[in-house]
Amino acid sequence: MKLLTFKRGIHPPDGKHFTENKPIETLLPKGDLVFPMSQHIGAPCEPIVKKGDKVLVGQKIGEAKAFVSSPIYSSVSGIVKDVTPMLHPNGSKVLSVIIENDGLYEEHESLGPKGDYKNLSKEQIVEIIKEAGIVGMGGAGFPTHIKLSPPPEKNIDTIIINGAECEPYLTSDHRIMLEETDKVIEGLKIILQLFPQAKGYIGVENNKMDAVKALKEALEGVSNIEVKVLQTKYPQGAEKQLIYAITGREVPSGGLPADVGCIVQNIDTAVAIQRAVVKGRPLMRRIVTVTGGAIKDPKNFKVRLGTSYRELIEAAGGFVSEPVKVISGGPMMGIALSSLDVPVIKGTSAILCLSKEEAGLPEERNCIRCGKCVSVCPMNLLPLQLNQYAINYDMEKFELSHGMDCIECGSCSFTCPAKRHLVQSIRTAKKTILNNRRKNA
């Protein structure tokens, strides 16, 4: 069987042995829950509750006022303790709603099925997804309803569900494919109803053959959905790389998947769509992998949004040794945390606690011009050159060299023998350019 893949890339140690065979455990929160009003790409929500208000499970607490935004719902019942800036997993302080959990989990009257989705119009389905607050749960957090509403001139003929989960250590999507197989497939069927001429694909790396088997068995007799087995390689799960691997199409520089007739959604996003459209439940929960050499008992948890990272770590037995670094997400694209007192948000996929043996930032040395960073870059860029432009603050040349096309996968930094901080400098330059564009808009 020929394995599908993309050009270049790397093979970092995957670290998935910690949790790949650990079934998902439901964890109920103990303390207060914190709901940042920014859990997505785009404009933050506006709080629509105030201190002292009684709230219920599934009650909207943050209203999306802009086109690119997504509403936020309470995952517990209780009393609003405060509406104030709180620490976000990205390190910034964000206006947040703090809810004192009463432990009763009383549900809001609006929860419940909206009818058979096969009888709903495209507009009705997209509106349900929009109102449910669903965003891309692979990390970027782009509002899903916008992805599912491409311009009419875009001929969408391919829907891809991203089951690659190429980031080392992460196993939440793997476990969902095994334990919620039917929900993943039904979520894809709902998307395909929006694009009746399209074919659906679920891309899964060949280090998850049990998931491939489960999906294929569940899809027996379904003609418009196919499971594609991918070569285990990083960053296989990046949108453009996944599209190339499955279809052979290349998304142009500065372009979007819709430009080549594709829409890509994450595994957990597909499940969130199923829950919203079939069961009438907004996005209120996440599957989170808590793992790493510093964790006593690594696990996969089903948790309610707003739950503290500290509670998840305690539920996994706490630290067996003092972690050198705690990361929100995976080791390649995750964000290092300065505090454990941050909440699970829509984009939280993992809490990675690295031991001394697993982590360490070697001293940066001079570039030896070996070209290894170029040979692994999945976007066919020149990382060493972009690094130089970033250091010299030459943003004009950085943009002319397609620096904004960098997907920040970290392959260049991983492979660099001189341990240059390539992706770090490129990421900083991209942020600078985007900030300058906003100021000049």
Exercise. Of 185, 218, 256, whose Cα points farthest to the positive end of the dipole of the chain (charges on the beta-carbon: +1 Lys, Arg; -1 Asp, Glu; origin at the Cα centre)?
Worked result: 256
For this session: Enumerate cysteines in the chain without a disulfide-compatible partner, where compatibility requires another Cys Cβ under 4.7 angstrom.
Result: 45, 166, 262, 353, 367, 370, 377, 406, 409, 416
For this session: Note down the magnitude of the dipole of the chain about its Cα centre, charges +1 on Lys and Arg C-beta and -1 on Asp and Glu C-beta and zero elsewhere, to the nearest 20 debye.
Result: 800 debye
For this session: Pick out, from 340, 71, 354, the residue whose Cα sits farthest towards the positive end of the charge dipole of the chain, with +1 on the Cβ of Lys and Arg and -1 on the Cβ of Asp and Glu.
Result: 354
Exercise. Any idea how many Lys pairs in the stretch 358-441 come in under 17 angstrom at the alpha carbon, given 8 or more places apart or on separate chains?
Worked result: 5
For this session: Compute the distribution of all C-alpha to C-alpha distances in the chain, in bins of 20 Å from 0, and list the percent of pairs in each, rounded to whole numbers.
Result: 25, 60, 15, 0
Problem set entry | Computed magnitude of the charge dipole of the stretch 372-440 (debye, nearest 20; Cβ of K, R +1, Cβ of D, E -1) | 220 debye
Exercise. Going by a ≥ b ≥ c, the root eigenvalues of the Cα gyration tensor, does the stretch 365-412 fall in the rounded group (a/c under 1.5), the prolate group (a/b larger than b/c) or the oblate group?
Worked result: oblate
Exercise. Which peptide among 161-169, 89-97 comes first, and what is the full order, when sorted by highest mean count of other Cβ atoms within 10 Å?
Worked result: 161-169, 89-97
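Taken together, the values in this text are just the output of simple stated rules run on the coordinates, not laboratory data. These numbers were taken from a predicted model, which means no experiment stands behind them. With ideal geometry, Cβ positions are generated from the backbone for all residues, glycine too; neighbour counts draw on all protein chains shown.
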